Amino acid sequence: MKLRAVLFDATGTLMETARPVGEVYAERAREQGVSLSPARLEDAFRRILAQAPPLLFPDAAPERIRDLEAGWWRSVVRSTFLAADGTARFRDFDGFFAGLYGHYASAAAWRARPGAREALLRLRAQGLATGVVSNFDGRLPGILAGLGLAELLAVVMLPGEARAAKPDPRIFALALARLGVPPAAAVFVGDDRARDLEGARVAGLSAIDASGLATLDGLPALLMGMEQKEPA
């Protein structure tokens, strides 16, 4: 079937943090009298995030989702510092977290990955629909807008709206339904083997590992090559 849509993961695929997380955490913690090395915090953050439950609240009222997402991140941040040093004491942890959460709501805390905008422009010029399916929270649309990417995306699907998170096929299906595109006519580009690549394939999409691409601007040519290899 002819390709009609390309969906992307967000963090690690279309965008990345402008600075290492551990570095930002350490810098802001020092303002609260907590001194920990960036490397130690980075390691703790990665471990805690990998163990965290999905950022998903399927039974919550829509108006409560944003607060629940913030609470989820508060738990991750708190657990990160406890894992890095259980003796760390903040003068005002809630104030610290509010500042940190606001920081990562801003596009200034992020940057588009090399070739991301160029790839989206070329795909759209080829008549393909583009969108994002991400396990991020409700801050993502504003971040994508600030990075100049939102205007190139026809859909941004998040767990808060889909009531499902990758690798659940329902989140992919809802994004494709918004585009009016069947799974067999879509490709998903992501960097997580289980959530992105296997999840997309189970949902009926083809999948491309973004970690295998030096820059995303080569993606349109790669997809064109894939289409040419498809049997008639």
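The values are calculated or read from the model by the stated rules, or taken from the named source; none is laboratory data. Since we're looking at a predicted model, the values are computed, not measured. Backbone-built Cβ (ideal geometry, glycine too); neighbour counts: all protein chains shown. Quick note on the areas: whole protein, heavy atoms, side chains included, nothing else; ligands and nucleic acids left out. Shrake-Rupley method; radii C 1.70, N 1.55, O 1.52, S 1.80 Å.
A Gaussian network model of the chain, with springs between Cα atoms under 10 Å, assigns the largest mean-square fluctuation among Ala173, Ala108, Ala119 to Ala108. Charged side chains reduced to their Cβ positions (Lys and Arg at +1, Asp and Glu at -1) give region 79-232 a dipole of some 140 debye around its Cα centre.
Surface composition of region 90-152: carbon plus sulfur atoms hold 52% of the accessible area, using a 1.4 angstrom probe and ignoring ligands, DNA and RNA.
The angle separating the long axis of helix 21-30 from the principal Cα axis of greatest extent in the chain is about 20 degrees. Which shape class applies to region 167-232: rounded if a/c is under 1.5, otherwise prolate when a/b exceeds b/c and oblate if not, where a ≥ b ≥ c are the square roots of the Cα gyration tensor eigenvalues? Oblate. Each of Ile143, Ala44, Leu123 was placed along the dipole of the chain (beta-carbon charges, centred on the mean Cα), and the one lying farthest toward the positive end is Leu123.
Rolling a 1.4 Å probe over the heavy atoms of the protein chains gives the chain an accessible area of 47 Å² per residue. Angle of helix 38-51 to the longest C-alpha principal axis of the chain, folded into 0 to 90 degrees and rounded to 10: 60°.
Neighbours of Glu161 by Cβ distance under 15 Å: Lys/Arg scored +1, Asp/Glu scored -1, total +2. Normalised by the number of residues in the chain, the average gap of Cα pairs under 8 Å and 6 or more apart makes the relative contact order 27 percent. Summing Lys, Arg as +1 and Asp, Glu as -1, what charge do residues with Cβ under 13 Å from the Cβ of Leu41 carry, Leu41 excluded? With Lys, Arg at +1 and Asp, Glu at -1, the neighbours total +2.
Here the Gaussian network model covers the chain, with springs between Cα atoms less than 10 Å apart; of Ala26, Ala44, Ala60, Ala60 fluctuates the most. Remark: region 1-147 carries a charge dipole of roughly 480 debye about the Cα centre, counting +1 on each Lys and Arg Cβ and -1 on each Asp and Glu Cβ.
Of Leu36, Leu174, the order by accessible heavy-atom surface (1.4 Å probe, DNA, RNA and ligands excluded), from most exposed downward, is Leu174, Leu36.
In the chain, the calculated helix contribution to ellipticity at 222 nm averages -13000 deg cm²/dmol per residue, counting -39,500 (n - 2.57) for every DSSP H run with n ≥ 4. So, in Å, what gap is there between the alpha-carbon centers of region 10-78 and region 169-232? About 27 Å separates the Cα centre of region 10-78 from the one of region 169-232.
Summarising the label geometry, the points placed 7 Å from Cα in the beta-carbon direction at Ala221 and Leu49 lie 3.1 nm from one another.
Given H placed 1.01 Å from N in the peptide plane, which residues other than close sequence neighbours of Ile208 have an amide H under 5 Å from its amide H? When sequence neighbours closer than 5 places are left aside, the close amide H contacts are Phe188, Val189, Gly190.
Solvent-accessible area of Glu23, all protein chains in place: 70 Å² (probe radius 1.4 Å, heavy atoms, ligands and nucleic acids excluded).
Relative to the longest principal axis of the Cα atoms of the chain, the long axis of helix 65-84 makes an angle of roughly 60 degrees.
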